[in-house]
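Remarks on the structure that follows.
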Amino acid sequence: MSSLIEVKNLSKTYVSGEVETKALCGASFEIEKGEFVAIMGPSGSGKSTLMQILGFLDKPTGGEYLYQGRNVENYSDDELSVVRNQEVGFVFQAFNLLPRTTVYENVELPLLYDTEKVNKEIHKNKINKALEAVSLSHRADYFSNQISGGQKQRVAIARALVNDPKVIFADEPTGNLDSKSGKKIMEIFEKLNQEGKTIILITHETEIAKYAKRVIRVEDGEVVKDVENNE
Ligand code: ADP
């Protein structure tokens with residue numbers, strides 16, 4: 001059986017004008033289905049670049065990325081947009097909710113990309129299930145500016161969950177939150193992982209990384225440590 005995610009000697013060099021930035025230089029690791037991994041490292045070490053590649057948002061300039069055993073380089077653009085929408089969900093530090101839009105409509109958003117399969121009743125079930133998973137069913141009709149930061153991030157998690165993806169990528173998900181709301185967010189990820197979701201969390205905070213079961217440490221674009229988290 002192949003791993004869910006396998007990267008071999010992955011590299012990414014950004015070129016702008018005469019300037020080349022090596023964001024990743026030869027990262028290799030595997031992630032199995034159901035893992036909870038924290039990717040840690042200082043600012044500028046390549047964490048977000050790695051997430052963009054693993055989440056099919058960007059392509060490496062060297063090395064290989066195999067998703068479920070298949071080289072992502074061989075995916076067509078259509079296949080890439082399907083995996084991006086169905087296989088993975090994203091949660092970012094800045095929540096990225098639509099303003100003047102309800103909680104319900106924000107969670108519905110990923111379902112609207114699949115215009116061939118619009119079925120309001122199925123949508124409703126999926127959205128309600130996602131809102132239940134983050135304990136926000138009672139706020140479905142609130143507008144995104146009427147809820148707290150912690151609740152906004154819970155809406156973002158529900159939005160990431162609505163297509164029932166295999167993997168959730170969370171890039172500094174607690175970075176804009178007070179420690180109590182942050183703890184609640186991490187407990188949601190912990191629960192989702194117990195229910196079988198693969199969680200890949202990017203953080204530079206040790207306290208947040210403690211929720212993960214494995215820590216991959218990146219420095220200057222290289223994996224310098226990859227250990228089980230016993231804390
Ligand atoms: P981290 O998420 O760990 O802060 P990043 O992956 O964002 O690190 O960045 C790694 C390096 O790549 C940094 O030096 C950053 O300035 C550079 N970088 C990131 N994105 C781009 C881009 N789109 N164009 C040019 N350089 C970039």
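The residues on offer are Lys22, Lys33, and the sole one that is touching a Gly at 6+ places or on another chain (Cβ under 9 Å), away from the ligand (no atom under 15 Å from the Cβ), more than 30 Å from Phe143 (Cα to Cα) and touching a residue at least 12 places away in the same chain (Cβ under 8 Å) is Lys33.
Residues in region 207-227: is at least one in contact with a strand residue (DSSP E or B) (Cβ under 9 Å, 6 or more places away or on another chain), under 14 Å from Pro173 (Cβ atoms), acidic (Asp, Glu) and within 16 Å of the ligand (Cβ to nearest atom)? No: region 207-227 contains no residue that is in contact with a strand residue (DSSP E or B) (Cβ under 9 Å, 6 or more places away or on another chain), under 14 Å from Pro173 (Cβ atoms), acidic (Asp, Glu) and within 16 Å of the ligand (Cβ to nearest atom). Tell me yes or no: at least one residue of region 155-177 is surrounded by 20 or more Cβ atoms within 10 Å (Cβ to Cβ), in contact with a Ser or Thr (Cβ under 6 Å, 6 or more places away or on another chain), β-branched (Val, Ile, Thr) and farther than 28 Å from Glu105 by Cβ. Checking region 155-177: not a single residue is surrounded by 20 or more Cβ atoms within 10 Å (Cβ to Cβ), in contact with a Ser or Thr (Cβ under 6 Å, 6 or more places away or on another chain), β-branched (Val, Ile, Thr) and farther than 28 Å from Glu105 by Cβ.
Taking Ile216, is it at pLDDT 95 or above and touching a helix residue (DSSP H, G or I) at 6+ places or on another chain (Cβ under 6 Å)?
On the way: at pLDDT 95 or above: yes; touching a helix residue (DSSP H, G or I) at 6+ places or on another chain (Cβ under 6 Å): no.
Judged against the criteria, Ile216 is not a match.
Is one or more of the residues making up region 60-71 in a loop (DSSP other than H, G, I, E, B) and within 13 Å of the ligand (Cβ to nearest atom)? Walk me through how you get there before you give the answer.
To start, the set of residues in region 60-71 that are in a loop (DSSP other than H, G, I, E, B) comprises 60-61, 68-69.
In the following step, the residues that additionally are within 13 Å of the ligand (Cβ to nearest atom) were identified as 60-61.
Yes, region 60-71 has at least one match.
Quick check on region 174-194. Is at least one of its residues within 16 Å of the ligand (Cβ to nearest atom) and not in a loop (DSSP other than H, G, I, E, B)? Scanning region 174-194 turns up no residue that is within 16 Å of the ligand (Cβ to nearest atom) and not in a loop (DSSP other than H, G, I, E, B). Being of a type in the set (Lys, Arg) and either more than 17 Å from the chain's Cα centre (by Cα) or closer than 18 Å to Ile168 by Cβ (or both) holds for only one residue in Lys59, Lys33, and it is Lys33. Selection within region 178-196: residues that are touching a residue at least 60 places away in the same chain (Cβ under 8 Å) and touching a strand residue (DSSP E or B) at 6+ places or on another chain (Cβ under 7 Å). The member of this set that is surrounded by the most Cβ atoms within 10 Å (Cβ to Cβ) is Phe189.
Going through Ala170, Ala158 one at a time, which residue ends up being within 16 Å of the ligand (Cβ to nearest atom), under 15 Å from the mean Cα position of the chain (by Cα) and outside any loop (DSSP other than H, G, I, E, B)? First the steps, then the outcome.
Numbers: Ala158 fails: within 16 Å of the ligand (Cβ to nearest atom).
Result of the check over Ala170, Ala158: Ala170.
Val7: within 16 Å of the ligand (Cβ to nearest atom) and either within 19 Å of Glu219 (Cβ to Cβ) or without any contact (Cβ under 8 Å) to a residue 24 or more places away in the chain (or both), yes or no? It is true that Val7 is within 16 Å of the ligand (Cβ to nearest atom) and either within 19 Å of Glu219 (Cβ to Cβ) or without any contact (Cβ under 8 Å) to a residue 24 or more places away in the chain (or both).
Pairing residues of region 198-222 that are within 24 Å of Lys8 (Cα to Cα) and assigned to a strand (DSSP E or B) with residues that are more than 15 Å from the ligand (Cβ to nearest atom) and at pLDDT below 95, at Cβ distances under 8 Å and at least 6 apart in sequence or on separate chains, gives Arg214/Asn229; Val215/Asn229.
Test Ser81 against the criterion of being in a helix (DSSP H, G or I), more than 19 Å from Ile216 (Cβ to Cβ) and of a type in the set (Ser, Thr, Tyr), and give yes or no. Criteria met by Ser81.
The values are calculated or read from the model by the stated rules, or taken from the named source; none is laboratory data. Only a predicted model underlies this, so the values are computations on that prediction, with no experimental measurement involved. Because the Cβ atoms are built from the backbone with ideal geometry, glycine has one as well, and the counts that use them run over all protein chains shown.
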